[in-house]
Amino acid sequence: MDHGTRSDQPSCPTRMSLWRKEAINKFTQQNLPACKPVLTPAWVILTFLLIGTIFIPIGLVSLHASRSVVEIVDRYDIDCVPEQFKSNKLGYIKDSSYPKNCSRTLKVNRYMKAPIYIYYQLDNYYQNHRRYVKSRSDQQLLHGLGSNKTSLCKPEQSNNGLPIVPCGLVAWSLFNDTYKFIRGKSELNVNRKNIAWKSDRDHKFGKHVYPFNFQSGTLIGGGKLNSSVPLSDQEDLIVWMRTAALPSFRKLYGRIEENLHANDVIVVNLMNNYNTYSFGGKKKLVLSTSSWLGGKNDFPGFAYIFVGSYCIVIAIVFMLLHVKYSRNTHVGYN
């Protein structure tokens with residue numbers, strides 16, 4: 001019986017399947033079209049010379065910008081301990097009955113153009129410790145008492161059966177030294193607004209979340225918070241909660257929006273409240289201007305200069321080797 005055009009033979013592969021098979025074969029055999037630059041000695045030498053001539057000027061410009069920044073750094077944690085407590089600094093800082101006020105004198109050696117940034121610097125302080133950095137509740141910082149995700153905040157999760165806002169060791173250890181600056185007979189105004197990132201203020205700390213039951217236990221870790229001010233406006237806390245990656249770090253305290261002239265004498269009246277003596281930490285006060293590149297940091301400039309110089313040296317070595325072996329080749333042919 002005739003079944004028309006039906007055949008028992010397998011159908012021929014389509015053009016698409018043949019193309020796919022050929023492409024896969026080319027891919028597995030590494031025969032696909034590719035750019036294969038020929039790295040001749042001339043190209044290698046020119047590339048290294050180009051990198052060197054670009055990197056060295058960038059490094060010099062970066063280094064000049066860094067050196068244009070004027071800094072005053074004053075370590076005060078040792079000198080602000082009374083003489084009778086020099087051998088027992090920990091006892092002094094823990095005893096609230098002794099005054100913690102201290103006066104320091106800073107001399108301005110170079111003209112400092114406003115704004116002048118005020119930082120506190122802590123050394124040997126490991127904010128990146130795993131237990132410490134996880135002891136917080138970002139949900140609670142944003143939503144307040146309505147958030148129950150506070151299990152990581154232990155041991156500063158609750159006190160006397162009531163939740164703590166903000167909870168956790170990071171908030172509990174808030175830095176609480178304070179500074180006042182006097183030039184001549186007048187006090188310099190310190191602007192403490194907008195010292196935190198705008199994204200943190202707007203999206204990580206609630207505008208209707210207020211401190212509750214904070215620092216009310218027997219063991220006080222650091223600074224206290226105003227319970228009538230929402231967390232989004234507590235910029236000291238917001239700056240502190242952005243934990244540092246290294247054991248030596250600076251955090252912004254405020255800005256002096258007046259120019260300081262060479263040979264000006266600044267008297268700093270500070271409160272030495274924060275305990276760094278129990279772990280061998282250091283406290284420093286830093287006054288700094290800024291450049292278009294930011295604060296004082298010589299590393300990027302030196303890094304660019306080093307890499308650029310290294311590339312030029314390599315280019316010269318390659319050039320000498322190329323000339324040497326080219327001559328040997330010509331002599332061999334002759």
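Some observations on this one:
- Calculated P(r) tail over 22 Å for segment 66-157, as whole % of Cα pairs: 61 percent
- Solvent-accessible surface ranking, highest first, for Arg201, Arg110 at 1.4 angstrom: Arg110, Arg201
- By accessible area, using a 1.4 Å probe on protein heavy atoms only, segment 148-228 has 52% of its surface on carbon and sulfur.
- Relative contact order computed over segment 211-263 (Cα-Cα under 8 Å; 6+ residues apart), in percent: 24 percent
- Listed residue pairs exceeding 27 Å between alpha carbons, taken from Lys86/Lys113; Lys180/Lys282; Lys207/Lys296; Lys154/Lys204: Lys86/Lys113; Lys207/Lys296
- GNM result for the chain, Cα springs below 10 Å: residue of Glu235, Glu187, Glu156 fluctuating most strongly: Glu187
- Along its principal axes, segment 77-233 has C-alpha extents of 52, 40, 30 angstrom, given from the largest down.
- Equivalent-ellipsoid semi-axes of the chain, from the Cα gyration tensor, Å, largest first: 58, 39, 18
- Calculated FRET value between Ser96 and Phe306, using beta carbons and R₀ = 45 Å, to 0.05: 0.30
- Folded to 0 to 90 degrees: helix 299-333 orientation relative to the chain principal axis, Cα: 30 degrees
- Over segment 210-293, volume per residue of the alpha carbon convex hull, in Å³: 180 Å³
- For Leu174, distant residues with modelled amide H under 5 Å away: Gly222, Gly223
- Distance (nanometres) between label positions extended 7 Å along Cα→Cβ at Val38 and Glu258: 7.2 nm
- Segment 67-111 - Rg and Dmax from Cα coordinates, angstrom: 14.8, 44
- Rounded to the nearest 10 square angstrom, Val61 shows an accessible area of 80 square angstrom against a 1.4 Å probe.
- A 1.4 Å probe run over the protein chains yields, for the chain, 64 Å² of accessible area per residue, whole-number rounding.
- Ranking Asn191, Asn263, Asn297 by how far each Cα lies toward the positive end of the dipole of the chain (charges on Cβ) leaves Asn297 at the top.
- For Val81, distant residues with modelled amide H under 5 Å away: none
- Base-10 log of normalised Debye intensity for segment 148-191 (one unit scatterer per alpha-carbon) at q = 0.18, 0.22, 0.26, 0.28 Å⁻¹: -0.60, -0.73, -0.90, -0.98
- Karplus-based coupling profile of segment 49-60, in residue order and whole Hz: 5, 5, 4, x, 5, 8, 6, 5, x, 4, x, 5, with θ = phi - 60° in 6.51 cos²θ - 1.76 cosθ + 1.60 and x standing for Gly or Pro.
The values are calculated or read from the model by the stated rules, or taken from the named source; none is laboratory data. Bear in mind that the values here come from a model prediction, so they are computed numbers and not experimental data. Here the Cβ is made from the backbone with ideal geometry for all residues, glycine too, and neighbour counts use every protein chain on show. Keep in mind that these areas ignore ligands, DNA and RNA; they rest on the heavy atoms of the full protein, side chains included. Shrake-Rupley method; radii C 1.70, N 1.55, O 1.52, S 1.80 Å.
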